[in-house]
Structure formats: structure tokens, C-alpha cells
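Take a look at the structure set out below.
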Amino acid sequence: MADSLRRIRALMAGMVVAFAMSLILENVVYNAYPPPEDFMAGDPEHMAKYVADLADGGFALMIAGWALSAFAGGMIASMMGRKDLPRLVGVVTFAVLAGASTNFVMVSYPSWVIISTVFSVMLAGLGAFALARRMGLERKQQPARKK
């Protein structure tokens, strides 16, 4: 029971960190490539115009932000969960990928951005898993006691 709660807490913390990183890095894109003054982020038409006018550097920052979100969230989940690292990192990576995909469904992005995002987020998740395993964060299962 305690292990299940630990994993749930680890997943929640990993997703919160990934979401926060995503918001922070999205603001970096908005500051580096400011939208027009009458821009409303919740309006799909305004967002579509902003994405259509966005330079390639803005897309690169966006892709890097999603990848860093998956990496940071996966590492936090690994540090807190300490068991089932592939599952913990995989769930956080999938959540980041789902969030990015939601943007792709709502607004039309160039195909190279979509492909690059999928690969970079997956590689970031794999990198988080590899680093966590290399750091020895995964606690080994102890054999059951015999009575």
C-alpha cells in the first residue's frame, strides 16, 4: 500500500513539474517572439495567426520546452517513486506528449514541428529514465520472507 501511494505521489509531482516547466518555457517563447497586442491565447483564431507568423526559432524553443518538461517531470517522478521507473517516466512523458498533441489538434502546426516534438519528447523521456537508472534511483525489489 505504501508503495502504491509513493508511486501516485511521484506521478502527481512529476506531472506538476512538467506542467509548470511547460508554462514557464511557453512564456519564454511569448517573450522572445511576442504576439500582437490584441492577442488572446484562448482564441483559436488568434492562436492560429500567431503560429502561422511564428519564426522557426520560436518553434525550436517550443519543442525544446516540451522536451525539457518531459525530462524534468520524469526525473522528479523517478526521484520520488524509486520503483517502476519505466512506468513512472513513461506516464509523465505520455502526459507531456498528450498536452503537446492537444495544441497540434487545436491549431495547425507545420509537420516538421509535430514530428520533431514527438521525437524530442520521447527522447527526453528516455533520457530521464536512463539518467535515473544510471544514478541508481531505482530501488531493487526485496525477496519475500519465508514463514
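The values are calculated or read from the model by the stated rules, or taken from the named source; none is laboratory data. The shown structure was predicted, so the numbers you read here are calculated from the model rather than taken from an experiment. Quick reminder, even Gly has a Cβ in these numbers, built from the backbone with ideal geometry, and neighbours come from all protein chains shown.
General observations
- When restricted to residues that are part of a helix (DSSP H, G or I), of a type outside the set (G, A, S) and either within 13 Å of A67 (Cα to Cα) or in contact with a helix residue (DSSP H, G or I) (Cβ under 6 Å, 6 or more places away or on another chain) (or both), region 107-124 contains 9.
- Number of residues in region 23-35 that are loosely packed, with under 13 Cβ neighbours inside 10 Å and within 16 Å of G74 (Cβ to Cβ): the value is 0.
- Taking region 2-85 as the region of interest, the helices (runs of 4 or more DSSP H) fully inside it that hold 2 or more residues being at pLDDT 90 or above, in contact with a Gly (Cβ under 6 Å, 6 or more places away or on another chain) and not basic (K, R) are 2-32, 56-81.
Here is a yes/no grid of residues against (1) in contact (Cβ under 8 Å) with a residue 24 or more places away in the chain; (2) of a type in the set (K, R):
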{"residue": "P35", "(1), (2)": "no, no"}
{"residue": "E45", "(1), (2)": "no, no"}
{"residue": "K49", "(1), (2)": "no, yes"}
{"residue": "M62", "(1), (2)": "yes, no"}
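- Qualifying residue in region 117-139 (condition: polar (S, T, N, Q) and under 17 Å from the mean Cα position of the chain (by Cα)): yes
- Of all the numbered requirements in (1) surrounded by 15 or more Cβ atoms within 10 Å (Cβ to Cβ); (2) touching a Phe, Trp or Tyr at 6+ places or on another chain (Cβ under 8 Å), F39 misses one, and that requirement is (1).
- Single match in G136, G127 (criterion: over 19 Å from N27 (Cα atoms), in a loop (DSSP other than H, G, I, E, B) and not polar (S, T, N, Q)): G136
- Selection within region 62-83 - crowded, with 20+ Cβ neighbours inside 10 Å and either more than 24 Å from A130 (Cα to Cα) or touching a Lys or Arg at 6+ places or on another chain (Cβ under 9 Å) (or both): A77, S78, G81
- Answer from A2, A10, A20 - the residue that is surrounded by 12 or more Cβ atoms within 10 Å (Cβ to Cβ) and either touching a Phe, Trp or Tyr at 6+ places or on another chain (Cβ under 6 Å) or free of Cβ contacts under 8 Å to residues at least 24 places away in the same chain (or both): A20
- Qualifying residue in region 122-137 (condition: aromatic (F, W, Y) and exposed (fewer than 15 other Cβ atoms within 10 Å of the Cβ)): no
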